[in-house]
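Structure record follows, encoded as structure tokens.
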Amino acid sequence: MGNLKMILSGLVAGMALTACQQPKLAENKRRPNIVFIMTDDHTIQAMSAYGSKLVKTPNLDRIAKEGILFNNCFVTNAVCGPSRATILTGKYSHLNGLTDNSKTFDSTQVIYPQLLKKAGYQTAMIGKWHLGSTPVGFDYYSILPNQGQYYQPDFLENGKRIQEKGYVTDIITNKAIAFLEKRDHDKPFMMIYQHKAPHRNWMPAPRHLGMFDQTVFPEPENLLDDFKGRGRAAKEQLMNIATDMWDAWDLKLLSTAQLDSMSKLPASSFKDSKGDDYKQANDPSLDKARFFEVYNRMTDVEKAQWRKVYDKRVAEFRRLNPKGADLVRWKYQQYMRDYLACVVAVDENVGRLMDYLEKIGELDNTIIVYTSDQGFFLGEHGYFDKRFMYDESFRTPLLVRYPKSIKAGSVSNAFAMNLDFAPTLLDYAGVKIPADMQGLSLRPVMDGAGKIPEKWRKAVYYHYYEFPSWHMVKRHYGIRTERYKLIHFYNDIDEWELYDLQKDPHEMKNLYGNKDFEPVIQELKAELKKLQEQYKDANPEEVVLK
Ligand code: SGN
Ligand code: CA
């Protein structure tokens with residue numbers, strides 16, 4: 001906001017290209033293609049470009065090495081649909097209407113791919129969509145219904161429902177490559193390529209089953225967090241590895257004998273698990289029904305491969321019979337084995353897509369963005385899932401490669417947000433940025449090799465609404481500066497938290513109420529109020545939730 005350069009570049013682009021004017025071929029040739037890659041729940045702790053000790057992601061690292069890595073990119077609302085709606089509209093949840101996953105996106109709103117299409121781009125949306133609505137503004141779409149399936153997944157393809165054979169991450173990439181093969185060579189392309197992986201329940205590709213079975217992953221230092229000194233929100237959630245992971249669905253603790261007998265039972269023998277109803281959230285009696293919905297989609301060959309790997313896990317569990325802290329540690333290891341194997345397939349497939357772009361000579365003409373819909377807890381505070389404004393879920397990866405204007409190996413500490421993606425891409429495409437988009441174009445940061453421009457934002461604003469729901473994370477909003485984070489949990493509670501991120505990067509010590517920090521708290525509250533006014537969220541606790 002108030003970024004003069006952004007406004008001016010938008011105006012110039014707008015003058016050069018009115019929406020109804022089809023741009024000439026020569027102009028198209030100069031405009032960059034865009035490939036927007038987004039995974040579901042892929043966090044920076046699982047990317048070697050960000051220094052992960054858990055896994056190597058060489059293909060993603062390549063984007064960073066040949067482009068820019070953002071250390072401080074945050075989301076407006078750390079849950080799937082809301083993040084996607086913010087990215088498409090460039091607006092916070094209270095303005096685009098998608099405050100939580102139960103809502104349907106109002107597709108009469110302006111989204112950036114639509115503006116690119118009007119400006120002469122060929123547009124495609126492939127993979128996870130999760131907005132409830134039918135995609136509008138795309139020449140081609142092939143999306144997963146709802147959360148999608150890992151094996152033999154269904155797709156909604158330009159209005160038709162079809163089922164494909166194979167593993168979801170590979171199929172989404174096949175579709176992306178097929179779209180590029182058939183594209184109109186007279187137009188630049190804008191392709192949204194979005195993975196389901198590594199979303200819960202973390203089901204690896206058959207070729208990766210068991211790949212980490214000999215690996216012992218380092219634990220986060222607060223895996224056994226006892227929440228001392230923290231408030232009710234941190235304690236009362238339902239996303240503890242210790243107590244909220246389900247035996248079959250999450251941990252895959254079903255022996256071959258159990259799998260054989262149960263997979264033959266009709267679905268009606270299990271409690272119904274259809275729908276994503278709030279009431280079904282956190283109900284472990286749905287465990288087996290959910291598991292078999294996925295398992296029964298595997299082919300017989302896949303099932304045999306599966307059983308070989310997980311039978312060993314069940315045997316180990318029975319032999320060790322871990323309890324207490326040992327059980328949490330054991331579950332954490334299994335969680336990492338499955339989650340990270342899903343990440344490996346994403347990395348391979350992004351590599352395959354980049355190789356294809358290189359082969360057709362379009363790699364350097366293409367802006368490649370890599371991000372996730374939010375971060376994720378990999379055992380920090382003993383958690384899995386996301387939702388909280390704590391850094392592991394609030395922060396999201398952001399890598400961008402575009403050698404024509406981004407210096408290779410750039411790293412930026414500038415505050416970026418998923419709110420900025422739409423204005424940034426419109427800016428690079430030379431399309432006018434609508435005045436009501438709330439983000440900033442990141443172009444000055446990217447073209448400046450990561451340097452923080454003068455007058456750049458000094459704080460980020462967050463607002464999460466989905467309560468009561470899955471994992472029972474309470475409603476909250478807050479502000480994060482480079483040094484501090486102030487959070488207000490509201491609705492069925494009225495509690496504040498303050499963290500000194502420099503001294504306490506893992507957010508273990510709530511300083512709210514400590515007299516020494518009173519001036520800091522007052523300053524942050526004033527700043528928070530300003531941001532709420534700026535983003536038109538001045539009455540944050542009064543948003544009506546249907
Ligand atoms: C599912 C998951 C939850 C997850 C939500 C939202 N449960 O409901 O663990 O928080 O999705 O995720 S599961 O039993 O169905 O796996 S999001 O990425 O779509 O926001
Ligand atoms: Ca997600």
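Just to be sure I understand, how many residues within region 266-301 are in a loop (DSSP other than H, G, I, E, B), away from ligand 2 (no atom under 16 Å from the Cβ) and modelled with pLDDT under 75? Qualifying residue count for the region: 9.
Within region 41-86, the set of residues being under 25 Å from A341 (Cβ atoms), of a type in the set (G, A, S) and more than 15 Å from ligand 2 (Cβ to nearest atom) comprises S48, A49, G51, S52, A64.
So that you can scan it fast, the table gives a plain yes or no per residue for (1) within 16 Å of ligand 1 (Cβ to nearest atom); (2) modelled with pLDDT of 95 or more:
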{"residue": "P23", "(1), (2)": "no, no"}
{"residue": "R30", "(1), (2)": "no, no"}
{"residue": "A46", "(1), (2)": "yes, yes"}
{"residue": "L54", "(1), (2)": "no, yes"}
{"residue": "T57", "(1), (2)": "no, yes"}
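How many of the residues in region 49-62 are assigned to a helix (DSSP H, G or I) and crowded, with 23+ Cβ neighbours inside 10 Å? The qualifying residues number 1. Being among the polar types (S, T, N, Q) and surrounded by fewer than 21 Cβ atoms within 10 Å (Cβ to Cβ) is a condition met by at least one residue of region 247-255. Restricted to helices (runs of 4 or more DSSP H) entirely inside region 63-128, those with at least 2 residues that are under 30 Å from K160 (Cα atoms), within 16 Å of ligand 1 (Cβ to nearest atom) and hydroxyl-bearing (S, T, Y) are 80-89. Scanning region 154-202 for residues that are of a type outside the set (S, T, N, Q) and free of Cβ contacts under 8 Å to residues at least 12 places away in the same chain yields D154, K160, I162, A178, E181, K182, H185.
Would you check which residues across region 349-389 are among the hydrophobic types (A, V, I, L, M, F, W, C) and within 16 Å of ligand 1 (Cβ to nearest atom) and list them?
F376, F377, L378, F384, F388, M389
Annotation note: of M203, M239, the sole residue that is modelled with pLDDT of 95 or more, within 16 Å of ligand 2 (Cβ to nearest atom) and within 30 Å of F489 (Cα to Cα) is M239. Checking the structure you have, find out if any residue of region 237-256 is more than 16 Å from ligand 1 (Cβ to nearest atom), part of a helix (DSSP H, G or I) and within 26 Å of N321 (Cα to Cα). Yes, because at least one residue in region 237-256 is more than 16 Å from ligand 1 (Cβ to nearest atom), part of a helix (DSSP H, G or I) and within 26 Å of N321 (Cα to Cα). Here A197 clears all of (1) small (G, A, S); (2) within 16 Å of ligand 2 (Cβ to nearest atom); (3) over 29 Å from I367 (Cα atoms) except the condition numbered (3).
The set of residues from region 115-168 being buried (at least 22 other Cβ atoms within 10 Å of the Cβ) and out of contact with any Lys or Arg (no Cβ under 9 Å at 6 or more places or on another chain) comprises L116, M125, P135, Y141. Among the conditions (1) on the phi < 0 side of the Ramachandran plot; (2) within 16 Å of ligand 1 (Cβ to nearest atom), H471 misses just one, which is (1). Mind checking whether some residue in region 338-355 is surrounded by 21 or more Cβ atoms within 10 Å (Cβ to Cβ), over 20 Å from the mean Cα position of the chain (by Cα) and not assigned by TED's automatic domain parsing to the domain that holds K252? Within region 338-355, one or more residues are surrounded by 21 or more Cβ atoms within 10 Å (Cβ to Cβ), over 20 Å from the mean Cα position of the chain (by Cα) and not assigned by TED's automatic domain parsing to the domain that holds K252.
Could you name every one of the strands (runs of 3 or more DSSP E) located completely within region 373-481 that has at least 3 residues being hydrophobic (A, V, I, L, M, F, W, C) and in contact (Cβ under 8 Å) with a residue 24 or more places away in the chain?
On the way: elements: 398-401, 410-412, 459-464, 476-481.
Answer list for region 373-481: 398-401.
The values are calculated or read from the model by the stated rules, or taken from the named source; none is laboratory data. The model shown is predicted, which means the values in this text are computed figures rather than measured ones. Because the Cβ atoms are built from the backbone with ideal geometry, glycine has one as well, and the counts that use them run over all protein chains shown.
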